[in-house]
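Please treat every number below as a calculation from the coordinates, not as lab data. Note that the coordinates shown come from a computational prediction; the quantities given were computed from them, not determined experimentally. Cβ atoms come from the backbone with ideal geometry, glycine included; neighbour counts cover every protein chain shown.
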Amino acid sequence: MLWLSRLLCSLLLPFFSSSPIARGQTVTLPKKIIVGVLRIDDSKPGEPDYWLPPALKQAETALEAAKYPNQIDFELRNDYTIPDACKDATSTAAMTNVYMRVFNYARGGKTDAEGKTLPKVHAVIGPYCSDQIRPSAIAVTTNDVVQITGGADALMDSSVYTRLSRTGYARIHQYDILLKYLVPMYGWKNFAVIYVQDNPADHSRDYDMVLLLMPNEFIRKTLLIARNRGMTDGEFVFFALDQLGTQIIPSGPGLGWNSASDSENNAAAKDAYRALLVLRVKDYSGGELYEMNAQKILVESRQAVYNMNNFTMTYPAGTFYNSLVLLGQLAYDAFVSPSDDLKAYFSSKGVNPADDTQTASVLVNYMDYIFSPPYPAGPLIKCQDGIAGPFVIDTSTSDVRESYELYALATDGIYKPYIEYDGLADVFTVVDAGYKWILQRTSGTFPGNEPECGYKNDSAACLARLLAEILSGVLVPIFLGLVYAAYYYYRRRHTVGLDPKWIALMPDLKVIHPDHTAELIAEAKRVRLALLAETFSVGPSQNSLSEKLTSPNVGYWKKQAVMVRWSKKRVVIETNLPVEVREVNETSKENIAKLLGVCLVPNNIMLLYEYCSRGSIEESVNDPESKFEWPLRFSYITDIIRGLYFIHTTSFKVHGRLSSSCCFIDSRFTVKITDAGMNSFFDMNLPESWAQKRRPDYFYRQLWTAPEILRERENTIDEVCYTATREGDTFGFGIILQEIIMHGPPYCMYDDSWTDQRIYETVSRRPTPGQKAFRPIIDESLAHIDIINLCAQCWSEVAAERPTFSQIRVIMKDITKMLGMGDKLNIMEALIMQMEEHTNGLQVMIEEKEQLILDEKARADFLLYSNLPPQYGELLRAGEPIKPVFFEMATVAVVDVENFDDLTDVSSARQIADVLSNLHIYYRDSTANFDCILLESLVQRVTIASGVPTRNGILHAREVARLALTLLYQSSTFSIPHLPEGRIKIRVGIHSGPIVSGVVGTPVPRFCLFGDTLNIATRIMSIEQPLRVRMSVASRNIVEAFGSFRAFDAGDIFVKGKGRLKTYILVGEDGNHELMELKANFGADSMDLIH
């Protein structure tokens, strides 16, 4: 009778609960989670699995005491061991042994050495060995148990193990810092991957980047060979992995370049290692939290003698510690604090968190929920209480997003961090911005994708250099003639597309190079005060201008006075340059300076604009003798606003280099803006930017640049370090306003202790919370308060809070009206009225046209790529080729309307088209609810597949089976408007096997499948009766693993070329409430046909 009393207690207890929601709905806390600890038998202290029990014990203590008190109760079972060592785990027998051992653990019921029956585990943690992960992961997946490990770093493709998550580094992710940042930044495309048996000289010279996949002793030998062949002088960059910093990064005999057995070559090896960048996992040791937890794990392991600085020793302990932290986070989210969406998901899957017998199923379903598209929990799962602090799990990979460091060899022979990737924040920073790549190289930067002389030293520049060396000192006259001929050819060849009238040659020019005035600037107490010198005085009118030049801003071209804008960039003539010159030259706007010509002579790169006799705004505000009445100031301000409004609303989009030095005043006191749209002349790469920083006026020239752009330039290592934004133009305009208001240079209100460099560093430094950003200070007595407030808005630290020039234009107009300037502002008022008349509706019209173009483009893209998987559509948009892909296993279903011919006999052509349209909408909407892809067709028959183009383990058969049943059960609700009594009769054939996918067609690309799997599915469908789903024995064997589908033997069919094939009729899925409800509504007559 004991069993009867227990049964009555279990039935009556919920009804006597004090909680009104305790009846099968509330989880009883604390929730017990039984964790099987998978580890190798007799692990020694030097082995990773040794740290598994003490690390989990310390994590259990910390979590239950502080994080989940009375909420989560972990039961760690350390008697779940694996017999074979990692080095012995690769044989078939060993893998089978591991599989069966873990299979029994996960299922429960096994008896231990003491005769006790081991319970079924809810989750397993471990082992560390990658070779043992494979069979153990298959075993836990079969039993629907969650597995988390701190190791398995060598497992390349974890997507096939749908129940596995890693909290330690994975080798496949270690190259993210290269592929995600350095490779795009430098445009690297060609890599050489060298293994132990390779020689760098054996590879063809078609790469500059070398990846060394070998131990350090072979890396040293390889780099010495590379050094002897001249490959370590900076034209090549070598990369190597030192995962935990044990082989290459530490200094000492036998480590890195320092060899005890080959000490005579240590000097050469040290020099060669300067070309090697080393990637490693970030070392967390030294952190207070990490050291405290590691010490407690050490005590738990009873290892009294231990060096806490040995990060390698404790890394597995830390990752296993984080494994239990992750499991605790999953359990808390699933049992203690589930969201409403998660509750609905559990309900749809038929699992109940309150049922202790379903604990493992709840965890498995929650892992499917967060680690499967569309990732409803977000792209990251954040765990707060890791061994070193918070860490995140990437839901797209179910692996931890680890932090890495890229080390470079310093001049003292010690590897030091150069670049750091913070996996928690997904932030890439340069630790040592002063480090120069191969210090003896003058450029100090990484090589590009292709060397200067080409991979075969056959570029025109290097051939010319070789020719010069041969002829030097022998045939000087011939050499000079060849140089002149080569230069003439170069000029003729590289100016194609430019109108000859735009090209200015040095014999036709008379200018002062800005470098000739460097000594004046260097002698000035402050660089910006040097602009007050007589050398930079405003020139007279064009009619009275003599040919005696006093400023680099003014020159003569063919005896015509012009304004000169110098560029320190080495201009490369490309197709962009003629387009830019032509577009700017054809721009006709009163406040945009007209471009007359360009000079492309090296070291004399300049733009020539129409002459403006009154110089620049910069020269005017710094000239104490110039008259600067407020009507004139308002006129200048309004002209600048008009010019920038025009730039921002036309194809120029943004100026990017706005300062008072590029705003010139003509004889009619009209301000004209230069430099807009000429990116080819001003955008600089990294070496050019570094060269600019050595100029004495560099910091002064940055005072008009927005702080967010300054910070980006300081942190970037990109080849192109120039950034232009409309918000940056607004900031520069605010500085110009300050100059005009105060009749002085930027930040002139500060004393001489505020040097240009100090101002630059203070502005670019991000203010601490609550601290006001460093900006100019304008006394209220110098201007109207609304103008001062406008300056403050333009200087806002938050770029998005700065006004646009459309808003600034309105603000300035209101200010001038409020001040009652009236006819005193005739220069400004006349132009504002013209702008109002011609541009009130222009902006709206332009925005409407742009939106129509964007909508039409989006519609065209949708129509063109709607029948393709999203990832293929993105590749085609980018112009990337799509190669066929072979899938080892996928499931294909062919769906047909058996009575379609009968329907067409009583329908018109238009009615048939309507039926087909509605039918395909029905197919598409149903497929969207499953992990399947629909291959479009123009007839009633369609093909559906799962497992392509994204592999999903063995879930493809389950998804196709559920979709087939859904289509069948919902077919009774498909209505035919012109035949109210008509019904479609669906029949489906399913088969699983290998298949090839690809994109066919260029004008109208289509996603297609090829192979016998598709043919067999079609054959199975063709012999099936209506309103039934028939599947092959291959598909039936896969869905049987889920234990919920019901199918009965339908006999054999004959398949041409394959012989006889056993098939089954799929009739339903137990436990799937949605399908069961659809089946109940399907109708009695239809059900008879199914059975």
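For region 570-718, a crude dipole built from +1 on the beta carbon of Lys and Arg and -1 on the beta carbon of Asp and Glu, taken about the Cα centre, is about 80 debye to the nearest 20. Each residue of region 625-631 is assigned a 3J(HN,Hα), and the resulting list reads 8, 6, 7, 9, 6, 5, x Hz, derived from the Karplus form 6.51 cos²θ - 1.76 cosθ + 1.60 (θ = phi - 60°), x at Gly and Pro. Search the structure for amide H atoms under 5 Å from the amide H of T395, placed 1.01 Å from N in the peptide plane, and list their residues when 5 or more places away or on another chain. When sequence neighbours closer than 5 places are left aside, the close amide H contacts are L380, I381.
Each of D639, D1012 was scored by other Cβ atoms within 10 Å of its Cβ. Arranged with the fewest first, they read D1012, D639. The residues packed around S348, meaning those with a beta-carbon under 14 Å from its beta-carbon, carry a net charge of -3 if Lys and Arg are +1 and Asp and Glu are -1.
Summing charges over neighbours of L903, with a neighbour being any other residue whose Cβ is under 12 Å away from its Cβ, gives -4 when K and R count +1 and D and E count -1. With an a/c value of 1.5 or above and a/b not larger than b/c for the gyration tensor axes a ≥ b ≥ c computed over the alpha-carbon atoms, region 974-1091 is described as oblate. Annotation: amide H of L596 within the under-5 Å range of L608, Y609, E610, sequence separation 5 or more or interchain, hydrogens built in the peptide plane. Phi angles of region 587-598 translate, via the Karplus equation with coefficients 6.51, -1.76, 1.60 and θ = phi - 60°, into HN-Hα couplings of 6, 10, 8, 4, 9, 10, 5, 7, 7, 9, x, 9 Hz per residue; Gly and Pro are given as x.
Just so you know, the Rg over Rh for region 573-678 is 0.99, from Cα atoms, with Rh as the Kirkwood radius. The ranking of L608, L324, L632 from fewest to most other beta carbons within 10 Å of each one's beta carbon is L632, L608, L324.
Binning all Cα-Cα separations of region 963-1007 at 10 Å, short to long from zero, yields these whole-percent fractions: 20, 27, 26, 25, 2.
With 20 Å as the limit on Cα-Cα distance, the pairs of K883/K1058; K510/K589; K589/K653; K653/K817; K32/K120; K594/K653 that go past it are K883/K1058; K510/K589; K653/K817.
Sorting L1014, L56, L876 by the number of Cβ atoms found within 10 Å of their own Cβ, with the fewest placed first, yields L876, L1014, L56. An ellipsoid equivalent to region 883-1090, defined through the eigenvalues of its Cα gyration tensor, has semi-axes of 25, 22, 16 Å when rounded to whole angstrom and sorted largest first. Taken along the Cα-to-beta-carbon direction at a fixed 7 Å, the label points for S372 and D751 span 7.1 nm. In order along region 59-66, the Karplus-derived 3J(HN,Hα) couplings, from 6.51 cos²θ - 1.76 cosθ + 1.60 at θ = phi - 60°, round to 5, 4, 4, 5, 6, 5, 7, 10 Hz, and Gly and Pro are given as x.
One decimal place: the segment R694-M506 gains 65.0 nm when fully extended, by the rule 0.36 nm per residue minus the C-alpha distance. Working note: Cα gyration tensor of region 874-925, eigenvalues times five, square-rooted, sorted largest first, giving semi-axes of 35, 18, 9 Å. Between the beta carbons of Y181 and H743, assuming R0 = 41 Å, the FRET efficiency works out to 0.35 to the nearest 0.05. Taking 0.36 nm per residue of sequence separation and removing the Cα-Cα distance, the S975/A928 pair yields an extension gain of 14.9 nm. Applying Stokes-Einstein at 10 °C and 1.306 mPa s to the Kirkwood radius of region 667-817, computed over alpha-carbon pairs, gives a translational diffusion coefficient of 94 µm² s⁻¹.
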